[in-house]
1. Taking the options Val381, Val286, name whichever one is modelled with pLDDT under 95 and under 28 Å from the mean Cα position of the chain (by Cα).
2. Within the bounds of region 339-347, is there any residue that is outside any helix (DSSP H, G or I) and under 22 Å from the mean Cα position of the chain (by Cα)?
3. Quick check, is Leu378 in the same structural domain as Ser290 (by TED's automatic domain parsing) and assigned to a helix (DSSP H, G or I)?
4. Quickly run through region 223-242 and pick out the residues that are of a type in the set (Gly, Ala, Ser), closer than 30 Å to Ile45 by Cα and touching a residue at least 40 places away in the same chain (Cβ under 8 Å).
5. Does region 286-305 include one or more residues that are within 22 Å of Val431 (Cβ to Cβ) and either part of a loop (DSSP other than H, G, I, E, B) or not assigned by TED's automatic domain parsing to the domain that holds Tyr418 (or both)?
6. Which residue pairs have Cβ atoms closer than 6 Å, lie 6 or more positions apart in sequence or on different chains, and pair a first residue in region 34-52 that is surrounded by 18 or more Cβ atoms within 10 Å (Cβ to Cβ) with a second residue that is of a type in the set (D, E, K, R)?
7. If Phe369 passes every condition in (1) surrounded by 14 or more Cβ atoms within 10 Å (Cβ to Cβ); (2) of a type outside the set (Gly, Ala, Ser); (3) modelled with pLDDT of 95 or more; (4) farther than 18 Å from Leu274 by Cα but one, which one does it miss?
8. Quick test of your reading of the structure: Gln460 fulfils all but one of (1) touching a residue at least 24 places away in the same chain (Cβ under 8 Å); (2) in a helix (DSSP H, G or I). Name the failing condition by number.
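The values are calculated or read from the model by the stated rules, or taken from the named source; none is laboratory data. A quick note: this is a predicted structure, and the numbers were derived from the prediction, not measured. Note that we place each Cβ from the backbone using ideal geometry, even for glycine, and neighbour counts take in every protein chain shown.
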Amino acid sequence: MNPSATAWKGMKFRHKARYWAMRALAPIGLADFEPEFYARMNPDIAATGLDPLLHWVVRGRKESRLCSSKQMSAVKDVWQLGGLADQAGKPTVLLVSHEASRTGAPILCLSLARQLQDRFNVVTLLLKDGPLTPHFKKASTRLAVAEGHQGHDLRSVMWSLNAQNFKVDVAIVNCIVSYPVLAYLKHLQVPSLMLIHEYAAYCKPSYMFDHVVQFSGKIVFSAPSTKSNAVDEIGDLPILTQSLVLPQGQCVAEIEPRDSAEAAQEQALIADVLGKGADGTALVVVGAGSVNIRKGVDVFIQCAALMRKKAPDGRFKFVWVGGGYDSEKDLAYSVYLKEQIKRSGLSDSFQFLSEVANIQAVYDRTDVFLLTSRLDPLPNVGIDAICNGLPIFCFQNASGIADILVQEGYADELVAPYLDADAMASQVLAVARTHEQRQALKQRLQHTAHKVFSMERYTQAIGDEAEALLSSRA
């Protein structure tokens, strides 16, 4: 193809791209695209010399990048009054949670909201509604929900910050899934502290971490392995290498008020599923979490089968606690777990127990806890197990729990090579052989929990970092 034909083809492509860009922009009410604004809000794109409009058409829209200062106008009545009153003289922190479900990250965010009240006026943004929404509202001066019941479009919510009678001084953004708010905060000149609880290896699409790197004021990782994985996946960038590692403390899950009959029914179910058998001698081995491949339920089953093989005369009760198991509808994972249990000869000693409101009742009946996740930054169930003094077994390089156990001197007893179910089964049988051994380990683990997992210290450190961002902006 001659040069003139190539140039003509390129010009034709650019013309078509601009045409379709304007077609794409029209439905959301924009009369034009602002290349200067796009370049200012996305310096990584400006540095490449790419045509801003072309980039926005090809990738920018999918990556939720802002393209116009006129993109959204403020909406009235977005920010509801919370259960607390503003206190003069205190800075205001915007706390962002990706949802309000009764799961790890939102429960941590709610704990932060409650404990930051002494230093800040706490304003909460929930990207998705859920059962914890009333608790967040009670712990905040104001609250907005961007999706779900009485929710608004995220852009409307963020743009409305400028139209309120309160001013946000700093933001704490919890969880990588909350990344879309970072660009808005940067545009509104609100410094942000990003709390990362995930491994970069499974955070896809990769532009989620691109937003974090580009728009965050500072990053806090929950475990050394999550920080090192981010550096490996994204690069040796100053914002990553200079980030902090702070393990969170134990968070208490909300138990909704229930009638006594319902509570008694759940208690009876837990006692039945985790019972030690007629003679009271069975070793109760528990794993917990949503039923998915990342949590390693299949590895838990494999470890259970190996324990039975290594100790054929032993009595065991294996229980996985968590929602998501459905062997009739989940053809991607659950159906194979059912067959694995049956074909491993575990049908008489293995049970699934769905989510329970009173998880402490499960811990009270557990002898040994297995964290068989393939990758799990710092799960609350792992922290809970250590705080309860339960012998907790996990895999090296698979979780922040493993990082801490190695650091505290439990490597030989409790940490197996990565996904080595045979080694884990041997460790369990060695440690859990007698009640006396488990009791001695329990005392050591509870001492470690007091030393490492302090929610007060964690909140103090997070508050200090937020105030440091405020000072640097000033």
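1. Selected residue: Val381, the only one of Val381, Val286 that is modelled with pLDDT under 95 and under 28 Å from the mean Cα position of the chain (by Cα).
2. no
3. On the way: in the same structural domain as Ser290 (by TED's automatic domain parsing): yes; assigned to a helix (DSSP H, G or I): no.
No.
4. Ser225
5. yes
6. Hits for this filter: Asn42/Arg65.
7. (4)
8. If we test Gln460 against (1) touching a residue at least 24 places away in the same chain (Cβ under 8 Å); (2) in a helix (DSSP H, G or I), just (1) comes out false.
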